[in-house]
Each structure stands twice: as structure tokens, then as C-alpha cells.
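S.K.: Take this structure first; my questions come after.
The values are calculated or read from the model by the stated rules, or taken from the named source; none is laboratory data. Keep in mind that what you see is a predicted model, and the values were worked out from it rather than measured. Don't worry about glycine lacking a Cβ; one is built from the backbone with ideal geometry, like all the others, and counts go over all protein chains shown. What goes into the accessible areas is simple: the full protein's heavy atoms, side chains included, and nothing from ligands, DNA or RNA. Shrake-Rupley method; radii C 1.70, N 1.55, O 1.52, S 1.80 Å.
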Amino acid sequence: MQGLRPIERCALSIDHCPCTLCPRECGADRTKSRGACGCGNEVRVARAALHFYEEPPFSGDRGSGTIFFSGCNLRCVYCQNYVLQSGDAGRVVTAAELAGLMLQLEAEGAHNINLVTPAPHLRMLLDAIPLARARGLAIPILYNTSGYEKAESLRALEGLVDIYLPDFKYCDERLAARFSGAGDYFPVAVAAIAEMFRQVGHLRCDTDGIAMRGVCIRHLVLPGCAFDSRAVLREIAARFGTQTQISLMRQYAPTPNASFAPLNRTVTDREYEGCVDLCREIGLENVFLQDKEAASLAFTPEFG
């Protein structure tokens, strides 16, 4: 933590300090109440298990060691993991217990430790990751995020995170405001992803095709919003380079919270294939694609 300005040191602590950890900057004293993320002073883990439905470099043949945290600072109305948004799911863990979960997943064969929606819990991660490393953790740490992050907060993770897996959800501020309550999503995500690239660069894999370090950007194509998906793809190519690893997802399926048009249906062939064609047109070289069968809530894990 040396070298951080006082305001940044304060932002990274939730002890007796208004929380400004994420772009919401809600100012909550999380020792007394919950922040905009739904989280208080405790860290809850809703699931820790091997997961085989991530992109091939992350799941491999042994699975990704996913740790799903409860709470989220970006409340997307269509979130498939909506049961986690309130911050109530799962059990409370200490930094030592979180480090133990990482080591347990490594012992089960995980290719990496996949921290899902970790932004509200950055302070504990700064303790838990070094503790796990000191106890022998040797696999990469993967930071799996909505992209709605403060670049200043991400800087504290330099040297601790090996792989960043951010979403790049929107360019259009109207969509971002309507579907995620974050009209500032685009500039915030661009700055955050740029910081991720500064730390770890483009995705690099070992000889078996398993990711070891770098950034992979996810984009979920939403029904009726392919125009914005095309804008996102152009921004990625222009800002981060055509060699950027992208996961162009077709897995959107309506949830109980998204029963209104256009979110009350899946993505059409025309919408998705138009995005695929654009990738070819603008020279994006490394793109993971999904079949239409991926659009099912059956792939959503069960949370405890």
C-alpha cells in the first residue's frame, strides 16, 4: 500500500471511512451500513467450485476455480446471477478462509482462481491473495468483472492479478442507464480496461492453450441492441488493438427481472452474425464465439 495518496488509501479501506472504492462513490460507512453494492463490512462467498463453462483458455480440461462473491456495484436488470445482487447470498469468510478456498480449488485441479464480481471486496483481496501465495498457491489469479471499476482501485492489484476478464457492456449511455443504472459506464470501463492492459498486456497462453497472463474482453450481445455491440467492437479494435482477445457472447436468456422488450427474448441469428461479420471486417483476430444453444439459464450455477 506504500505510495498511495491518502485519498486512495482511504478509498481502499472500508474501516471507518466513506467508501469510494468503485465508480458509484456512494460514501457508505460499511462498518455500519451497506454500500450501493449491497455489501457491508463482511465478505460473503456464494459458491466456490470448479467451473467448466468459461472460455477454453480458462476452463481447460480441469476447470476454472471460481469463487462467486455476493453483492455487485452494477445492478444489471438482466443479470443471470441476479440472486447475488442483494449481497445476502452465501457465507461470511475471513481473509484466511478465502485464501484456504483458493488453495482447495488448486488442489482439486483448477487451472486458475477465478474471482467473480470481486470489486466490492478489494480490500480483503489485498490480504487474501498474498496469504494464499505465501501458503503455496501457484496458479494464476483471474479477476472476473463487469468492467465498472475505478482505475485507481485496480492499481492496488498490480502484481497480484495475472488475468483480467472484464465485460465491455455498452457504448450507448442510454442503454447503460436503462439496463444497469450507470450512464457513465462507457468512460469508466474504457479507463478501467486500459489500466488492466497496462498491468498485464494482451492474453498469453502456455503450450497447452491455458491462459497464464493478460486481458480477455467479454461482450454480451443483447437483443435489440446489436447496434451498440457493433460500436463496442469498433472501440475495442481502435483502443486496444485488433489482436485483443474477445469473447463475443450469445448466451443472453431472459430472467424474471427482464420480462420487458427487447430483453424478453434471445438474440436472433441476424443480430449475432452481424457482429461476427463486423469482427472480420475490422480485423479483430482473436474472437471466441458461442452457438445459440448457449442462450439458456441452465448454465447458471446454483448458489448456496
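S.K.: For ARG47, which of the numbered conditions (1) under 30 Å from PHE260 (Cα atoms); (2) open to solvent by less than 40 Å² (accessible area, probe 1.4 Å); (3) modelled with pLDDT of 90 or more; (4) not hydroxyl-bearing (Ser, Thr, Tyr) fails to hold?
M.R.: Unmet condition: (2).
S.K.: If I ask for residues that are surrounded by 23 or more Cβ atoms within 10 Å (Cβ to Cβ) and aromatic (Phe, Trp, Tyr), which ones from the range 69-87 would you list?
M.R.: PHE69
S.K.: Would you check if there is a residue in the range 167-180 being within 14 Å of the chain's Cα centre (by Cα), outside any loop (DSSP other than H, G, I, E, B) and under 30 Å from PRO223 (Cα atoms)?
M.R.: So far as the range 167-180 goes, yes, one or more of its residues are within 14 Å of the chain's Cα centre (by Cα), outside any loop (DSSP other than H, G, I, E, B) and under 30 Å from PRO223 (Cα atoms).
S.K.: Among the numbered criteria (1) surrounded by fewer than 16 Cβ atoms within 10 Å (Cβ to Cβ); (2) farther than 23 Å from LEU289 by Cα, which single criterion is violated by ASP61?
M.R.: (2)
S.K.: A follow-up question, please. Of all residues in the range 178-224, how many are farther than 23 Å from LEU154 by Cα and not polar (S, T, N, Q)?
M.R.: 10
S.K.: Another question about this same structure. Looking at the range 127-135, can you tell me whether even one residue there is open to solvent by less than 50 Å² (accessible area, probe 1.4 Å) and in contact with a strand residue (DSSP E or B) (Cβ under 7 Å, 6 or more places away or on another chain)?
M.R.: Filtering the range 127-135 for residues open to solvent by less than 50 Å² (accessible area, probe 1.4 Å) gives 128-129, 132.
Adding the requirement that they be in contact with a strand residue (DSSP E or B) (Cβ under 7 Å, 6 or more places away or on another chain) leaves 129.
There is at least one residue in the range 127-135 that is open to solvent by less than 50 Å² (accessible area, probe 1.4 Å) and in contact with a strand residue (DSSP E or B) (Cβ under 7 Å, 6 or more places away or on another chain).
S.K.: Can you tell me how many residues in the range 265-304 are open to solvent by 80 Å² or more (accessible area, probe 1.4 Å), part of a loop (DSSP other than H, G, I, E, B) and either in contact (Cβ under 8 Å) with a residue 60 or more places away in the chain or closer than 15 Å to ARG250 by Cα (or both)?
M.R.: Total meeting the criteria: 4.
S.K.: Let me ask something additional. Can we say GLY71 is modelled with pLDDT of 90 or more and out of contact with any Cys (no Cβ under 9 Å at 6 or more places or on another chain)?
M.R.: no
S.K.: Here's another thing I want to ask about it. Scan the range 88-104 and tell me whether some residue there is modelled with pLDDT under 90, surrounded by 17 or more Cβ atoms within 10 Å (Cβ to Cβ) and of a type outside the set (A, V, I, L, M). Walk me through it before giving the result.
M.R.: Kept after step one, since they are modelled with pLDDT under 90, are these residues of the range 88-104: 88-90.
Of the ones still in play, those that are also surrounded by 17 or more Cβ atoms within 10 Å (Cβ to Cβ) are 89-90.
After this cut, where a residue has to be of a type outside the set (A, V, I, L, M) as well, the list is 90.
Yes: one or more hits.
S.K.: Restricting to the range 247-261, name every residue that is assigned to a loop (DSSP other than H, G, I, E, B) and either out of contact with any Pro (no Cβ under 9 Å at 6 or more places or on another chain) or exposed (fewer than 13 other Cβ atoms within 10 Å of the Cβ) (or both).
M.R.: Selection gives ARG250, GLN251, ALA253, THR255, PRO256, ASN257, ALA258, SER259, PHE260, ALA261.
S.K.: In addition: Consider GLU195 carefully, then state whether it is open to solvent by less than 30 Å² (accessible area, probe 1.4 Å), assigned to a loop (DSSP other than H, G, I, E, B) and charged (D, E, K, R).
M.R.: no
S.K.: Still on this structure, I have one more. For residues in the range 32-44 being assigned to a loop (DSSP other than H, G, I, E, B) and among the basic types (Lys, Arg), which is least open to solvent (accessible area, probe 1.4 Å)?
M.R.: That would be ARG34.
S.K.: Which one is farthest from CYS79 (Cα to Cα) among residues in the range 200-246 that are crowded, with 20+ Cβ neighbours inside 10 Å and of a type in the set (S, T, N, Q)?
M.R.: My answer is THR244.
S.K.: Still on this structure, I have one more. Name the single residue that is nearest to ALA138 (Cα to Cα) among those in the range 168-183 being open to solvent by less than 30 Å² (accessible area, probe 1.4 Å) and touching a Gly at 6+ places or on another chain (Cβ under 6 Å).
M.R.: The extreme case among them is PHE168.
S.K.: Right, next: Please determine whether any residue of the range 215-233 is part of a helix (DSSP H, G or I), in contact with a strand residue (DSSP E or B) (Cβ under 9 Å, 6 or more places away or on another chain) and of a type in the set (A, V, I, L, M, F, W, C).
M.R.: Looking for residues that are part of a helix (DSSP H, G or I), in contact with a strand residue (DSSP E or B) (Cβ under 9 Å, 6 or more places away or on another chain) and of a type in the set (A, V, I, L, M, F, W, C), one finds at least one in the range 215-233, hence yes.
S.K.: Continuing with the same structure: Considering ARG213, ARG218, ARG174, which residue is out of contact with any His (no Cβ under 7 Å at 6 or more places or on another chain), among the charged types (D, E, K, R) and under 28 Å from ALA134 (Cβ atoms)?
M.R.: Checking each option against the conditions leaves just ARG213.
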